[in-house]
Every structure is written in C-alpha cells, then in structure tokens.
1. How high is the FRET efficiency from Asn33 to Lys116, r the C-beta distance, R0 22 Å, rounded to 0.05?
2. How high is the relative contact order of the chain, in percent, counting Cα pairs under 8 Å that sit 6 or more residues apart?
3. Shape of segment 1-138 from its Cα gyration tensor (a ≥ b ≥ c, root eigenvalues): rounded if a/c is under 1.5, otherwise prolate when a/b > b/c, or oblate?
4. Students often forget the sequence filter, so: which lysines lie under 26 Å Cα-Cα from Lys61 once same-chain residues fewer than 8 apart are removed?
5. Run the dipole for the chain about the Cα centre, Lys and Arg Cβ at +1, Asp and Glu Cβ at -1, nothing else charged, and hand back the magnitude in debye, nearest 20.
6. In terms of the Cα gyration tensor, with a ≥ b ≥ c the square roots of its eigenvalues, is segment 60-203 rounded because a/c is under 1.5, prolate because a/b exceeds b/c, or oblate?
7. Sorting check: for 136-148, 67-79, which peptide has the highest mean count of neighbouring beta carbons within 10 Å, and how do the rest follow?
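Quick note: the coordinates plus some simple rules give every number you see, no bench work behind them. All of these numbers come straight from a predicted model, not from anything done at the bench. Here the Cβ positions follow ideal geometry from the backbone for every residue, glycine too, while neighbour counts run over all protein chains shown.
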Amino acid sequence: SKTQGREIMNPDKFEKFMQELYEKFHMHDLKQNDRLHRYRNIEPESGQFLSMLIRAQQSKKILEIGTSTGYSTLWLAKAARQTQAKITTLELDAERVDQAKQYATEIDLADVIDFKVGDAQVYLEAMLEGFDFILLDAERDAYVSYWPHLSRLLKIKGGLLVVDNVISHAAEVKEFITLIQQDPRFIMMTVPIGAGLLMVEFR
C-alpha cells in the first residue's frame, strides 16, 4: 500500500510543527469571545496519549468526530501511518476542513486521512462498517443521539471510544455518560489528561 512505502516522519520535526500549530490555535482562541468561533483543539498531551493508544491497539479503522482545524487529526494520523490505518474525520465547517487539509499536506499525512464535511449524525446513521478506534470531540449536546450509532459501530472486541472534555465540561456530558454506564456491553474509565478523556471499551 501507499502507506507502507512511506518512511516514518522524523519525530522532532512533527513535534515542532505540532507545537507551533497548537500555539497558533491557542492564540486564536484567546481572542474569541464566542465559543463557536474558537477552534477548541485538544491539548498536546491528549494528542500524544491518543497517538500511543492507536499504536498500542494497532488500530486499522479510525473515526474522528469533530475535525475542527485538524490538530487532533494530525496526532491520529501520525499513529495511523505506523499502524497502516485509515482515518475518517467529520466536520460541519468546510473552512476549517480546508485548513486541516492544508496542515495535513504540509506535514505529509494527508494520504492517511479521509476528510468529510457534513453532519456527523447523518454519517453515523448511514455507516454500516465498524471502527476499532473513535475519537469524539464535537458539540456535546449531540452526544446522546450519537450513542446508539457509536455503540453499534464500536462492536469490535476491544473497540475503543475516546471522548474529550469530560472533566472540563462534566455537566454537559453527564447524561451521555449515564447512558454508557447503563450499557453492560461497555466498560469505561476517565483519564485525567488534558481536559479529561473518557475511554469506553467494547467488552
């Protein structure tokens, strides 16, 4: 495959690129009063942790819900290059997707990412094939309606769903977490990294 022919990128080059990107996005967010205008990217340590999880799990099919400007997508893609996986990433805002594509091309990871512009609910409802790794980092009020589809798409033994912001925005994800707790097919735990990552595993 195309992926196998690529050499693994110099980690220092990647980390420098990601640090500069994070600072740029962070500065942008500080200037925005409206939450929806912020890029709201994950923290660098969360990105690193997700990358490690993908390599440890040897994930092959990765789904990201909430591309934003692609900061988290690049962390996933770096690991996906090593596990020879493909990432599908979903985002409503076409302008942000264009930005994300540009960064992915710059750091030579665009070939492992399938960028999709559209409503995640519509995509999830139509999707039939499962994923072994899903990152959920989108509008939190939609999570409850995503869950029936997420739980169906995660039905691969050891399939992992990671949800960001569960400590920083605990009240907003409370109902969603309760839904998962009531489903005996899944085990879950919260990891205090970044804004708090919820890990949900299909038993």
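1. The calculated FRET efficiency here is 0.15.
2. The value is 17 percent.
3. oblate
4. Lys2, Lys13, Lys78, Lys86, Lys101, Lys116, Lys155, Lys157
5. That gives a dipole near 640 debye.
6. Cα axes put segment 60-203 in the prolate bin.
7. Most protected by this proxy first, the peptides run 67-79, 136-148.
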